[in-house]
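Below is one structure, written out as structure tokens; the observations come after it.
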Amino acid sequence: MEYNPQSIEKKWNRIWRDSKAFRTDIDLSKPKYYVLDMFPYPSGTGLHVGHPLGYIASDIFARYKRAQGFNVLHPMGFDAFGLPAEQYAIETGQHPATTTATNIAKFRSQLDNIGFCYDWDREIRTSDPAYYKWTQWIFLQIYNSWYDHDLGKARPISELLEMFENSGTQNLSEQNRRGYIFPPLTWSEYLVEEKEKCLMDFRLSYLAEAEVNWCEALGTVLANDEVINGLSERGGHPVIKKRMRQWFLRITDYADRLLEGLQQLDWSDAMKEMQRNWIGKSVGAEVKFSIVDSEDTIDVFTTRPDTIFGASFMVLAPEHELLAKITTAEQKAEVEKYQEFVQTRSERERLAEVKSITGCFTGAYALNPLNGARIPIWISEYVLAGYGTGAIMAVPAGDQRDFLFARKFNLPVPAIFEGVDVSEEAYAAKSGKLINSDFLNGVEIPKAIEMAVDKLVAIEAGKKKIQFRMRDAGFSRQRYWGEPFPIIYKNGTPYPLSENDLPLELPVVDSYNPSGDGEGPLATLDNWMNEIAGAKRESSTMPGYAGSSWYFLRYADPNNSETFASKQATDYWNQVDLYIGGTEHAVGHLLYSRLWTKILYDLGYISFQEPFKKLVNQGMITGNSRFVYRVNGTNEFVSFALKDKYETTPIHVDVALCEGLELDINAFKAWRAEYHDATFILEEGKYVCGSQVEKMSKRLFNTVNPDDVVQKYGADTFRLYEMFLGPLEQSKPWDTQGIEGVSRFLKKLWRLFVPQVTIDLSDGEPELAAMQILHKTIRKVTEDTERMSFNTVVSQFMICVNELSAMKCNNRQVLQDLLVILGPFAPNISAELWEISGGKGDYLAAKWPAWDEKYLFSAEISIPVAINGKTRVQLSFPAQTDAKSMETTALANEQVQKWLEGNTPKKVIVVPGRMINIVL
RNA sequence: GCCGAAGUGGCGGAAUGGUAGACGCGCUGGAUUCAAAAUCCUGUAUGGGCAACUGUGUGAGGGUUCGAGUCCCUCCUUCGGUACCA
């Protein structure tokens, strides 16, 4: 009986599917554990070997936790709304729902091939009306809430309304008032439209006219995190700023809580840091400058109020609203010319020419609030309208950009730092003392910052201010393939649909093209848009992150038609204990999920504030591309080593046409018509390809389909090999070089049970040596699985099987214990061997074995130790035999002996040849 | 520029501050075979030596330590993220 992975895996796949072996239900008698993968977007190209890396890791962990007695929730679904399906629809006219369903079927079959233990009864598709009904419902909850800064939480908008009716704004703090001041009487006199307009400034999802990232090529608005260097993340099209009426999520209200919440999360420092940077909290002061010959004042935000005596000019953003009023007649023409110049430049041009300095004087002067100095007011595009107040006080001695600007326009650079030469560059460090700064002279910078703020507050020219880089998140997309907004407009005022009208299903359209006037395809459907008498529907749809911002909650109770998930279910399954996915979602999905979770928590729908307790980012598996070298102007291809003798062009060739680096010439000729008559210059009778590590992509012909690997080696080998490749979090190129080793390991394991033709196991007392290797393995596998170091686990399995083979161990108990711990990694072969070796009971219910220390150590002594007041002490056996090491060891021993006199011994374990750890 | 992570054999990679290079690939030589595949055994960082043995070695240079791949400082390189954010 040979090891035949294909038939074994088919068998167990069927058995587990038919018996719904991985179905999970609430079980209060067991502790729960929730393991989640970032669900995939079902693209048309299917999975390549890079995708399952994280899924395999989470699957191993889920099975491991299950074997340890946890009730494990391990679901999978599809993030099915999105741009590519719609783009494909525009090209082919096929409904996105159709192509999405086809793609999902393909994904599903690829996933099934790898033998995951998902509870498919809990599958979710974000494009399913039964699902997006609740996306729309949550949107309405967000819409119907406002953020109470005094309580630090979201509250129903109805409570605010009640306050307005009873007491106007008088019981609201300044921060909660959002600039509104009115008595209750006035509120009652407001027209409905006026009331709605006011409430809109409070709602957590709101409509606003704002500069948005508009992508002409895609015909839609994009969120900040979907724009990279002025180009769209998807497709790389240019993005411009455009003013449009859009839906936004008031995520900035949650900035502080999103920042604080990071502290308790078990995420990588890199990931937390990315979120912190994105939120971009800066503590500083807002300072009010009066303007010469004007009633107006200019507020600036600065993190360095201490440097105010070094402010030699002021810079406003070119879009600053005060410009029209303060610009002098002489400068008017020049300022307008500059504004025009800035306006015509796209975001991309601005970013590309970051280092060039442009600007223009307004003719106006401001007064330094502390010493009354006249400060010229300039404008420049390096000051952004969207950050802070859109105005800065420029301190060339303390800020490099201000310094360069001063140098370019010959503005003074006052020295304000003791012993610092600012003739060549600014001094931005926050240490040292100030000079030429009045009452701050000789004061250390951190102290001076405080003193400056205090002074500004005292003379009512400034206040402490915390500024965030993060803006509110755009929530409208002028697209078809997304969730429709449950909103209608009457006379331009938005009103939510009733909950009973949900889901608002996507209507059928004839064309998926944008309507052309800045609205999405839905705007072309007159019947649908005007379905409700006297009202108009919202024509945009929600962005891709809407459905994925809460899907982890739905898995807890996926078929509930009464609510998005019952409280009982979310209370039981609670937070995701382990979340595995790529780093590309660092600021998008992961931030929005945290926001939605916090809002739902504030509104009392769930009882936790953070969705993902522990996050692990698997590394990307990169592709290993192959190149052939065509001699220029011919259809002749030259082998790698000889290519430098010719003028050649490298061409990507499909990795599937190569065995290692060698090209299968016949397959290559058959690949494309144009290569049919190709000729080759070979080296040693072979055509050797060039190679390069690149991102895995269909376009580069370097993708490898997991189906092919599974077909050739089996799913168990595939799973083990992906884990064996290297540390989970590290990026690594796909390379099949080593897969044979893993395959050999499984064959060897098989032969332990089935050495010849029949199975041969003994029930006798296991040898000590076998028990030692088994328990060493149990310990290593348990500890390394716990810290998700799966590559070392695989190594340990290999060592174990090698040693058991060498000692010809055929003890049933030893081998079956081995199967239990191998199970999460290679479930099929483990189940099969469990069965043919007469394993007791359901294999999936087998309990994870504990290691027994008596097999791990060959010596035991009983001493407890503490030296120098520490509770832990290290004693080393003299691994190094130099005089100094021996001396230290002797000294430590002496102290141990001394301590022993008069203390009660406790057990301590000694590993010969290694060191011992003695813990009290 | 700033923020993170990482630099170890021919390759992928192991090493709670304690014998660096586990495990796998590749390569050596051998067993088995008519032969091959498969399987098993040997060796495999590097310099010197027939050998026992010995010198040197974890990007570079300093430091802490009885002891550093691991901790600290400076620098170099690579990879990720991010940027006129005041």
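For residue A:869, the conditions (1) modelled with pLDDT under 80; (2) open to solvent by less than 40 Å² (accessible area, probe 1.4 Å) are fulfilled apart from (2).
Every residue, every condition in (1) part of a helix (DSSP H, G or I); (2) touching a Phe, Trp or Tyr at 6+ places or on another chain (Cβ under 6 Å); (3) not acidic (Asp, Glu), yes or no:
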residue	(1), (2), (3)
A:131	yes, no, yes
A:136	yes, no, yes
A:142	yes, no, yes
A:147	no, no, yes
A:160	yes, yes, yes
A:166	yes, no, yes
A:170	no, no, yes
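Hey, among the residues in segment A:341-376 that are of a type in the set (Val, Ile, Thr) and more than 18 Å from residue A:402 (Cα to Cα), which one's modelled with the highest pLDDT? Across segment A:341-376, the extreme among qualifying residues is A:342.
Listed by first and then second residue, the pairs with beta-carbon distance under 7 Å, at least 6 apart or on different chains, first residue in segment A:267-286 and outside any helix (DSSP H, G or I), second near RNA strand B (Cβ under 6 Å from one of its atoms), are A:280/A:469; A:282/A:303; A:283/A:303; A:284/A:301; A:284/A:302; A:284/A:303; A:285/A:302; A:286/A:301. Looking only at segment A:579-613, count every residue that is open to solvent by less than 30 Å² (accessible area, probe 1.4 Å), charged (D, E, K, R) and part of a loop (DSSP other than H, G, I, E, B) and tell me the total. The number of residues fulfilling the criteria is 1. Of A:20, A:30, all but one fail to be of a type in the set (Lys, Arg), assigned to a loop (DSSP other than H, G, I, E, B) and more than 14 Å from residue A:577 (Cβ to Cβ); the exception is A:20. Identification of strands (runs of 3 or more DSSP E) wholly contained in segment A:357-412 with 1 or more residues that are more than 14 Å from RNA strand B (Cβ to nearest atom) yields A:360-367, A:374-379. Here residue A:282 passes the criteria (1) of a type in the set (Ser, Thr, Tyr); (2) within 21 Å of the chain's Cα centre (by Cα); (3) within 11 Å of RNA strand B (Cβ to nearest atom) except the one numbered (2). Here the condition is being in contact with a helix residue (DSSP H, G or I) (Cβ under 8 Å, 6 or more places away or on another chain), crowded, with 18+ Cβ neighbours inside 10 Å and of a type in the set (A, V, I, L, M); of A:161, A:222, A:262, A:204, it holds for A:204 alone.
Out of A:129, A:96, A:31, A:75, report the one residue that is open to solvent by 60 Å² or more (accessible area, probe 1.4 Å) and out of contact with any Ser or Thr (no Cβ under 7 Å at 6 or more places or on another chain). Walk me through how you get there before you give the answer.
On the way: A:129 fails: open to solvent by 60 Å² or more (accessible area, probe 1.4 Å); A:96 fails: open to solvent by 60 Å² or more (accessible area, probe 1.4 Å); A:75 fails: open to solvent by 60 Å² or more (accessible area, probe 1.4 Å).
Exactly one residue qualifies, and that residue is A:31.
The number of residues in segment A:182-202 being in contact with a Ser or Thr (Cβ under 7 Å, 6 or more places away or on another chain) and either without any contact (Cβ under 8 Å) to a residue 24 or more places away in the chain or not in a helix (DSSP H, G or I) (or both) comes to 2. Every test in (1) at pLDDT below 90; (2) open to solvent by 40 Å² or more (accessible area, probe 1.4 Å); (3) closer than 20 Å to residue A:312 by Cβ; (4) within 44 Å of the chain's Cα centre (by Cα) is passed by residue A:386 save one, and that test is (3).
Of the residues making up segment A:313-344, those that are under 10 Å from residue A:361 (Cβ atoms), open to solvent by less than 40 Å² (accessible area, probe 1.4 Å), in contact with a Phe, Trp or Tyr (Cβ under 9 Å, 6 or more places away or on another chain) and not β-branched (Val, Ile, Thr) are A:313, A:331. Checking each residue in segment A:299-312 for being in a strand (DSSP E or B) and buried (at least 24 other Cβ atoms within 10 Å of the Cβ) picks out A:300, A:302.
Summed over segment A:201-214, residues that are more than 16 Å from RNA strand B (Cβ to nearest atom), among the hydrophobic types (A, V, I, L, M, F, W, C) and more than 16 Å from residue A:168 (Cα to Cα) total 4. When segment A:118-136 is filtered for residues that are charged (D, E, K, R) and under 30 Å from residue A:827 (Cβ atoms), the ones remaining, listed by number, are A:119, A:121, A:122, A:123, A:125, A:128.
Exactly one residue out of A:832, A:786 is open to solvent by 40 Å² or more (accessible area, probe 1.4 Å) and among the acidic types (Asp, Glu), and it is A:786. Tallying residues that are within 14 Å of RNA strand B (Cβ to nearest atom), in contact with an Asp or Glu (Cβ under 8 Å, 6 or more places away or on another chain) and of a type outside the set (A, V, I, L, M, F, W, C) within segment A:755-798 yields 2. Hey, any hits in segment A:236-250 for a residue that's of a type in the set (D, E, K, R), within 19 Å of the chain's Cα centre (by Cα) and within 15 Å of RNA strand B (Cβ to nearest atom)? Checking segment A:236-250: not a single residue is of a type in the set (D, E, K, R), within 19 Å of the chain's Cα centre (by Cα) and within 15 Å of RNA strand B (Cβ to nearest atom). Looking only at residues in segment A:619-660 that are farther than 30 Å from residue A:586 by Cα and among the hydroxyl-bearing types (Ser, Thr, Tyr), the one that is least open to solvent (accessible area, probe 1.4 Å) is A:639. When you look at residue A:249, is it buried (at least 18 other Cβ atoms within 10 Å of the Cβ), at pLDDT 90 or above and in contact with a Phe, Trp or Tyr (Cβ under 8 Å, 6 or more places away or on another chain), yes or no? Spelling it out, residue A:249 is indeed buried (at least 18 other Cβ atoms within 10 Å of the Cβ), at pLDDT 90 or above and in contact with a Phe, Trp or Tyr (Cβ under 8 Å, 6 or more places away or on another chain).
The values are calculated or read from the model by the stated rules, or taken from the named source; none is laboratory data. In this text, all values refer to a predicted model and were calculated from it rather than measured experimentally. Here the Cβ is made from the backbone with ideal geometry for all residues, glycine too, and neighbour counts use every protein chain on show. What goes into the accessible areas is simple: the full protein's heavy atoms, side chains included, and nothing from ligands, DNA or RNA. Shrake-Rupley method; radii C 1.70, N 1.55, O 1.52, S 1.80 Å.
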